[in-house]
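No value in this document is a laboratory result; all are computed from the given coordinates. Quick caveat, the model's predicted, so the values are computed rather than measured. Here the Cβ is made from the backbone with ideal geometry for all residues, glycine too, and neighbour counts use every protein chain on show.
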Amino acid sequence: MKTIKSINNWALGLPMGLGVLGIIWPGFFILALLSTTLTGLLQVVAAICFWGDYPENRHIKIYFAGVLLFFLLLSALPDGTEWIWLMPILLCVYLCIIIYTQKDLPNETD
């Protein structure tokens, strides 16, 4: 669970850290925006690791269904549907809630 939390912390901290550095040099704002793609990838990796540890957790299954729904809607809906870009933010928050409210498994060593 410690590894999963570390991956998630990196995923969230990277764009935030680059955004703060944007105060010093505005070019970092662009890097912060681009790093949100990496955030999504790292969060999916963290979710896969979480699912490996807690395969019966229904919330992680809902998360994966949400990720699948996002990509299906993204490919199926026409342009002009800006509301769909709220889904990654909601999925990010939902995964954080799942990870940080989950009790560790007994005898977990990491």
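Odds and ends about this structure:
- Whole-Å distance, taken between Cα centres, linking region 74-96 and region 1-28: 21
- Computed from label points 7 Å out along Cα-Cβ, the spacing between His59 and Trp83 is 2.6 nm.
- Per-residue HN-Hα couplings for region 57-72 [Karplus 6.51, -1.76, 1.60; θ = phi - 60°; Hz; x = Gly/Pro]: 5, 6, 5, 5, 5, 5, 4, 4, 5, x, 5, 4, 4, 4, 5, 5
- Working ranking of peptides 4-17, 61-74 by packing, defined as the average number of other Cβ atoms within 10 Å per residue, highest first, is 4-17, 61-74.
- Contact order normalised by residue count of the chain, Cα under 8 Å, 6+ apart, percent: 32
- Mean ellipticity per residue at 222 nm, deg cm²/dmol - from DSSP H runs of n ≥ 4 across the chain, formula -39500 (n - 2.57): -26000 deg cm²/dmol
- Taken over region 15-110, the convex hull of the Cα atoms encloses 123 Å³ per residue.
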